[in-house]
Each structure stands twice: as structure tokens, then as C-alpha cells.
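Presented below is the structure to which this report refers.
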Amino acid sequence: MASELLYGGDYNPEQYPPEVWAEDVRLMKAARVNTVTVGVFSWSSLEPSEGVFTFDWLDDVLKLLHANGIGVILATPTASPPPWFSLAHPEALPVTADGLRLLHGSRDTYNPAAEAYRHAARRIATEMGRRYGTHPALRMWHVHNEYGTVSFGPVVDAEFRLWLERKYGSLLALNDVWNTAFWSQRYGQWTEIFAPQATQYLGNPAQLLDFKRFAAELLLAAFTDQADILRSLSSGIPVTTNFMLPSWLHYDQWAFAAAEDLVSIDDYPSEPGVEGHAQAAFSGDLARSLAGNRPWLLMEQATNLIYRRDAMLVRSTQDMIRSSLQYIARGSLGALFFQWRAPRTGAEVFHSSMVPHSGEDTDQFRGTARLGELLAELSELAPDPGEAGPVAENRVAIVWYPEAWWAAETRGLPRADLNYAALVHQVHRALWLAGTGVDFVHPDHDLSGYDVVLLPLAIPLSSAQAGAFEDYVNAGGRLVAWYFSGTTDENFSVVPAGYGGRLARVLGIRVQMVHPVDGDLTLSDGSTATRWSEHLDLRGAETVAGYSGGVLDGKPAVTRHEFGDGVAHYISTQLDDDALRTHVVGILADAGITGQAGDGLEILHLRVGEARFTIVLNHTDTAGSVTVHGNDLVSGRSHAGPTEVAAGAYLVVRS
Ligand code: GLA
């Protein structure tokens, strides 16, 4: 067993004089902080002019932290190149889709395709690797921060063309796949092709999809550039980069996860109460799945004020504690925050922190200390660093597929507001409220370990992927596919003989036509739906619920098809939350899967080595009852059967 859960956050001593560092360490010890992330965004403090390095302050900080038993996650600062860099290398500034070149003044002001940027990033990573690769305080390398910058412009165009040449080999092949005969787009030379910047009217969706793939690979290459250097300069120190979840998919998180030694995420739920905890559950399940069901790390969350739309969301210490337990119960190595101490000024000056502007004598800091104390009490939940997992055993999986997200972002679709992420969230939320544990999978993964696989809005599918879904059902699996899935091949060419063609055989249907709708729909079983409907022909499937009223009156809306040893279900409309839950819960029940608790009373099962824990979190404002057996690590009580869990309370039971 590892001795402790990681607790702490982003620490920016470069913003404060050394007197404050000593105070920081005192407070960190008071709050039982054992890990801080240093270096994120500190490039201009580490390399104030080209090739001139000022590591002395960082040497002192690491020494101070180490002397006080605080471990360091050392970040390369490459998410924010310094002003001198931007001035010297204007071609390395990002260009928006409208062709506007952004200037320095915020962060993430770089173009990942520019060699000057990549070179400068490798150089600072090399310097840091050489200087700190064997430092005793070093626990982990944290490359960059939240990769996600997409740029356009000449530098990107040149790289995109090379990528296309590698993919297609010839312009003949590219013209064919992109169907450039449409609107006279036939390309006669590679230099005629540009990244899909702003266009007069709709652009080519096949081009956009390829650009998204290219941009994702570019970011991954920028990461592996640095990861390779850091690994070569330190021995056995894990390398990670923090994903911004769940709202960013400018890259392929699965591919990144495969290139990391440890998955880490940042998560900022945007809703109060139970809904916010549903969001945290989504992110934690996704992180665990990206990590291959092995330990991962919550790199950032916010204490009491969370940035969102117009007004920050306020959350209580209890919510912060239960959220932290939600991540840990899903395999996180601990709970880290953005940020340790609030900045004096600067961007995000009013972002919450573990030490607020108003200081130590605050409920805020007492909350920080309370969580530190709790995590110290729960050190049994910390896996051995060599522990391979798995940490959970779920029978249900949701397909999470970046290319499906990107395809739903193309323009010219039957509805402009098709929202991949929203549907995936809706499906996850329904399962979470029903108390059913769930993993996420990529469509290329082996699905055979799951009894039920849910496939929301996967417009593009390759024939191999469609074949794998068929094989899965044929062998006894239960597939639930949502509207418009399987409509195109992987290059956004519509599969002939009806929409949904890729899945037509396994689903036992043909989609004649899609019918976007304004307003509400009612189905024959009383379900309510909205926005989308489809004209289906049955080709072996049976109707579970039909459309009621409107042009599709009496036609199938939800279908079920026995195929081989399994069953394939199709939901051709945007069911409302309750209806979606009812349908999905029914399908799970047919597979013998019933949830535990639910509706905000959450039960999680965590494996740590040979030990098993049941973590019960009551996110609601009423008391609930659960059946648990074992000793509660928090209260010291032992439970052997039905147990009341007060509103807002939590149990961590070793079974
Ligand atoms: C992200 C970043 C942090 C900070 C927070 C604000 O997660 O990594 O630097 O900007 O968002 O919530």
C-alpha cells in the first residue's frame, strides 16, 4: 500500500516573495498537504530571455518543500510561452478560424505546429529534466497544462498538407474520399488545400473531420516530444498531462492516455447539488476508463467557487469533500486543487483556492484542513504505486468516441444543435441516477467483458467498428444505439441504402429518412421526446414504442432486435430524461442488472490491491438507507446490514 492519498494543489511561489513561501509551508502542513504542482505557467520566471535560465528560485522552493515532507509534481511551463518568445517568433502565435493572429496577453498563446514553439518547449523540458530528474521531492512530471489549442494559418496549412499526403498518398484518393466534385473543390495540387478556416458558406465535412484528426495528432506529438525527454532524464517518474474534462475534446483522450504513464484530469462541475455530483461522477468514470481501469489522478478541482457562465457556482465544504470522495472512489490517487493560494491580482484573481484572500482564519481554510485530515484518515484507499488495478468491476459501458463528437460538430447536419457530449452525459446521468456503475469504452476496444454497451450518436463508424458491434451482439451482448449512429463511414461518406446503414443489419431496421422536429413528441408508451425523429422500416426488429401523432404516427421509434445470441436496441429520438432512464433501466433489467441506491445516494465499490471498500455518498438533502457490511474508516463504526446515511453524509467501509 502507498502510505497516503495525494492532497494539495497548483502552487505558484513565483507570484510571491520567499517570506510567503515559509508561511505557505506552515499552512500546508496544518492542512496535511503532501503534494503540490509547481511550474505550470512559470516559463517567463524560468527562462526570462531566450536560452537564459533562472532556476535558483525553483531550486529553493523544491528544497523547502522536500525538507517539509511535501512532494512535488513538476510541470513543464509550455502552456504559456513568455512575451519574448511571441515577439521573436510571430509565426508561432495562434491563428483563429477567422484568420486573426492572437497576440500575447493571456495564456495558451502558441501554435503547436510551429517548429520554433516545439523547439523552445523541448529545450525548457530538457533543462528541467536535467536539473530535477533525480530530485528527491519529485513525484511526477506534469507536461504542459490542458492541451487543447487549435490553430490555423500558414504554418498549420503546411503541416496539414503533409499529413494529408501521408494519409491519402495521392490527390486522386483525397478528391475521391472528400467528394470534391461537390461545389467545384477538386484539388490539382497539395498547395491548393488549406486547413478549414472560415469559409463563405458550409465547408466540406470530410475535410473538417480530417483536420480534427490532424490537430489531435499534432497535440499528441507536442506531448510526446516532452514526455520522451523527461523519461530519458529521470528514472521511473511517471509522466502525465492534465485533461480538461469533460468539456474539451480537441484531441483524442484515448490516444493521449496510451502515451501517458498516468492519466490525470481537471474537473469543474458547473451545477449545484445532485446535478454537480452527477457531473463529477461522469468525469471520474471517464478518467478511470481512460486509465484502463487503473489508478489515475484528479489534478485540479475548485474549492468553493467554480468558474462558469455568468456567475461563479458556490459550493460548500461538504460538497467539496463528497466530490473528492467521488473521484477517489473511482481510482483517483488523491484530490488536488487549482490552486493553493489565491493570487494577488492577475487573470483568475477571484478563482477559489485552498488558502483564500481572506487568509487562514476562514471557514474556507478550515474546510481545506478538514479535507486534508479526512484524506489522511483514509490512507488505506491509496493504491500502491505499482498496483495494476483494476479498481472497479462494471458490466455496462458507454462508447466515448472523439470522432463521433467531431462529426456532430460538422455543419450541414439535419439539425445544427446535435450535441454529442450532451447525449453522452444524459445517458451517463440516467445510469448514475439509477445506481448503476458504468465504464466508458472506445469503439475499437474489446467489448466482450460488458453485458450492455450503449452507443450514443456515433455518426461515423468504420466497417470494422460496425462489424465489431455485430460480433458483440451475435455473441450475446446487448447493444443500445441512438439516433443517426452509423450513418456515415469513417470519412463522413453516407453509407448507401438508408441512414444508420452501418448498423442496419444488427439493429434489424432501415432508416428511410430523418425528421428533425421543433417541439415535443409523444411515443405510444407515454414517453416524451423532442428534437429528432426518424422514419424507420423494420427489417427483423420489433417495435418497443412507436411515434404517436404527427407524420410518423404509428411508426416505430424504439426497437428491439434479437440477433445471434444477443439483442440490439435502437432509440431513434431524443428521449426526455425520465423516458430515457425508463428505457435504459428496462434494458439493463433484461440483462439482469439492477442498480444500488441512486437518485443522488451513491454507492461505489473500490478495489485497492486485495482490499475492497464500499463508499456511500449521500448528495441529497434527505437521509437515506443502504445495506453495508464492514468497518467505517471515518466514524470507526461497524455496519452489518441496513444503515442510515444522513443528508450530505458519507461512509467509507472496508468490507
Ligand atoms: C483550468 C486550468 C487552471 C485554471 C482553472 C480555472 O483547469 O488548468 O489553470 O485556469 O482551469 O478553473
**OP:** Could you list, in sequence order, all residues of the stretch 325-354 that are under 20 Å from the mean Cα position of the chain (by Cα), more than 14 Å from the ligand (Cβ to nearest atom) and in a loop (DSSP other than H, G, I, E, B)?
**Re:** ALA329, ARG330, GLY331
Original post:
ALA116: buried (at least 17 other Cβ atoms within 10 Å of the Cβ), touching a residue at least 12 places away in the same chain (Cβ under 8 Å) and either among the hydrophobic types (A, V, I, L, M, F, W, C) or part of a loop (DSSP other than H, G, I, E, B) (or both), yes or no?
Top reply: yes
Subject >> Counted residues, the stretch 193-228 - those being of a type in the set (Phe, Trp, Tyr) and outside any helix (DSSP H, G or I) >> reply: 2
Original post:
How many of the residues in the stretch 305-323 are in a loop (DSSP other than H, G, I, E, B), more than 21 Å from the chain's Cα centre (by Cα) and exposed (fewer than 14 other Cβ atoms within 10 Å of the Cβ)?
Top reply: 3
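Away from the ligand (no atom under 16 Å from the Cβ) and part of a loop (DSSP other than H, G, I, E, B): does that describe LEU103? Let's see the steps before the verdict.
On the way: away from the ligand (no atom under 16 Å from the Cβ): yes; part of a loop (DSSP other than H, G, I, E, B): yes.
So LEU103 fits the description; yes.
Can you tell me how many residues in the stretch 281-302 are on the phi < 0 side of the Ramachandran plot, part of a loop (DSSP other than H, G, I, E, B) and either hydrophobic (A, V, I, L, M, F, W, C) or away from the ligand (no atom under 11 Å from the Cβ) (or both)?
So in the stretch 281-302, the residues on the phi < 0 side of the Ramachandran plot come out as 281-291, 294-302.
So of that shortlist, the ones also part of a loop (DSSP other than H, G, I, E, B) come out as 291, 294-295, 301-302.
If we keep only those that are either hydrophobic (A, V, I, L, M, F, W, C) or away from the ligand (no atom under 11 Å from the Cβ) (or both) as well, we get 291, 294-295, 302.
Of the residues in the stretch 281-302, 4 are on the phi < 0 side of the Ramachandran plot, part of a loop (DSSP other than H, G, I, E, B) and either hydrophobic (A, V, I, L, M, F, W, C) or away from the ligand (no atom under 11 Å from the Cβ) (or both).
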Original post:
When you scan the stretch 604-633, how many residues do you find that are under 21 Å from MET320 (Cα atoms) and modelled with pLDDT under 95?
Top reply: 0
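For residues that are among the hydrophobic types (A, V, I, L, M, F, W, C) and in a strand (DSSP E or B), scanning just the stretch 136-164, find the one that is farthest from the ligand (Cβ to nearest atom). Explain how you work it out, then say what you get.
Going residue by residue through the stretch 136-164, those that are among the hydrophobic types (A, V, I, L, M, F, W, C) are 137-138, 140-141, 143, 150, 152, 155-156, 158, 160, 162-164.
Filter again for in a strand (DSSP E or B), leaving 138, 140-141.
Details: LEU138: 20, MET140: 16, TRP141: 16 Å.
The qualifying residue farthest from the ligand (Cβ to nearest atom) is LEU138.
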Original post:
For the stretch 227-276, how many residues meet the condition of being among the hydrophobic types (A, V, I, L, M, F, W, C), at pLDDT 95 or above and touching a strand residue (DSSP E or B) at 6+ places or on another chain (Cβ under 8 Å)?
Top reply: 9
**OP:** Among the residues of the stretch 64-90, write down those that are in a helix (DSSP H, G or I) and more than 23 Å from VAL143 (Cα to Cα).
**Re:** ALA67, LEU87, ALA88, PRO90
**OP:** Give just the number: which of (1) modelled with pLDDT of 95 or more; (2) more than 27 Å from ALA597 (Cβ to Cβ); (3) part of a loop (DSSP other than H, G, I, E, B) does PRO496 not satisfy?
**Re:** (1)
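Yes or no, residue by residue, for (1) exposed (fewer than 15 other Cβ atoms within 10 Å of the Cβ); (2) assigned to a loop (DSSP other than H, G, I, E, B):
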residue	(1), (2)
ALA529	no, no
TRP532	no, no
ASP537	yes, no
VAL544	no, no
LEU552	no, yes
THR559	no, no
GLU562	yes, no
HIS569	no, no
ALA579	no, no
Original post:
Any idea how many residues of the stretch 321-351 are of a type outside the set (A, V, I, L, M, F, W, C), in contact with a helix residue (DSSP H, G or I) (Cβ under 6 Å, 6 or more places away or on another chain) and within 20 Å of PRO238 (Cβ to Cβ)?
Top reply: 3
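Using the structure shown, decide if ASP525 is of a type in the set (Asp, Glu) and not in a strand (DSSP E or B). Before the answer, list the steps.
Working: of a type in the set (Asp, Glu): yes; not in a strand (DSSP E or B): yes.
It is true that ASP525 is of a type in the set (Asp, Glu) and not in a strand (DSSP E or B).
Regarding ALA121, is this residue free of Cβ contacts under 8 Å to residues at least 60 places away in the same chain, closer than 22 Å to ALA222 by Cβ, assigned to a helix (DSSP H, G or I) and away from the ligand (no atom under 16 Å from the Cβ)?
no
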Original post:
Do any residues in the stretch 1-28 that are in contact (Cβ under 8 Å) with a residue 40 or more places away in the chain have Cβ atoms under 6 Å from those of residues that are within 16 Å of the ligand (Cβ to nearest atom) and among the aromatic types (Phe, Trp, Tyr), where the two are at least six apart or on different chains, and which pairs are they?
Top reply: GLY9/PHE337; GLY9/TRP340; ASP10/PHE338; TYR11/TRP340
Original post:
Pairs, please: C-beta under 7 Å, at least 6 apart or cross-chain, first residue under 14 Å from GLY598 (Cα atoms) and in the stretch 266-277, second of a type outside the set (Asp, Glu) and within 15 Å of the ligand (Cβ to nearest atom)?
Top reply: HIS277/SER323
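Does ARG322 satisfy the criteria of being basic (Lys, Arg), within 14 Å of the ligand (Cβ to nearest atom) and closer than 26 Å to LEU633 by Cβ?
no
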Original post:
Would you pick out the residues in the stretch 16-41 that are of a type in the set (Ser, Thr, Tyr) and either exposed (fewer than 15 other Cβ atoms within 10 Å of the Cβ) or farther than 21 Å from GLY367 by Cα (or both)?
Top reply: TYR16
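Report whether or not ARG308 is basic (Lys, Arg) and either modelled with pLDDT of 95 or more or in contact with a strand residue (DSSP E or B) (Cβ under 8 Å, 6 or more places away or on another chain) (or both).
Details: basic (Lys, Arg): yes; either modelled with pLDDT of 95 or more or in contact with a strand residue (DSSP E or B) (Cβ under 8 Å, 6 or more places away or on another chain) (or both): no.
So ARG308 does not fit the description; no.
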Original post:
Can PRO390 be described as in contact with a Lys or Arg (Cβ under 8 Å, 6 or more places away or on another chain) and either away from the ligand (no atom under 16 Å from the Cβ) or of a type in the set (Asp, Glu) (or both)?
Top reply: yes
Subject >> Failed item in (1) in a loop (DSSP other than H, G, I, E, B); (2) closer than 30 Å to VAL274 by Cβ, with ALA430 passing the rest >> reply: (1)
**OP:** Using the structure shown, decide if ALA75 is within 17 Å of PHE223 (Cβ to Cβ), in contact with a strand residue (DSSP E or B) (Cβ under 9 Å, 6 or more places away or on another chain) and not basic (Lys, Arg).
**Re:** yes
Subject >> Enumeration of residues in the stretch 1-44 that are assigned to a helix (DSSP H, G or I) and basic (Lys, Arg) >> reply: ARG26, LYS29
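I need the full set of residues from the stretch 640-655 which are assigned to a strand (DSSP E or B) and either surrounded by fewer than 17 Cβ atoms within 10 Å (Cβ to Cβ) or touching an Asp or Glu at 6+ places or on another chain (Cβ under 7 Å) (or both), in order please. Walk me through how you get there before you give the answer.
Within the stretch 640-655, the first condition is being assigned to a strand (DSSP E or B), and the residues that meet it are 640-645, 650-654.
If the condition is that a residue be assigned to a strand (DSSP E or B) and either surrounded by fewer than 17 Cβ atoms within 10 Å (Cβ to Cβ) or touching an Asp or Glu at 6+ places or on another chain (Cβ under 7 Å) (or both), then ALA640, GLY641, PRO642, GLU644, LEU651, VAL652, VAL653, ARG654 are the ones that fit.
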**OP:** Consider only pairs whose beta carbons are under 6 Å apart and that are at least six residues apart or on different chains; among these, list those whose first residue lies in the stretch 154-170 and is surrounded by 18 or more Cβ atoms within 10 Å (Cβ to Cβ) and whose second residue is part of a helix (DSSP H, G or I) and of a type in the set (Asp, Glu).
**Re:** VAL155/GLU91
Subject >> The one condition in (1) more than 16 Å from the ligand (Cβ to nearest atom); (2) within 33 Å of the chain's Cα centre (by Cα); (3) not hydrophobic (A, V, I, L, M, F, W, C) that ASN175 fails to fulfil >> reply: (2)
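The values are calculated or read from the model by the stated rules, or taken from the named source; none is laboratory data. Because the structure is predicted, anything quoted here is derived from the model rather than measured. Glycine gets a Cβ as well: all are built from the backbone with ideal geometry, and neighbour counts include every protein chain shown.
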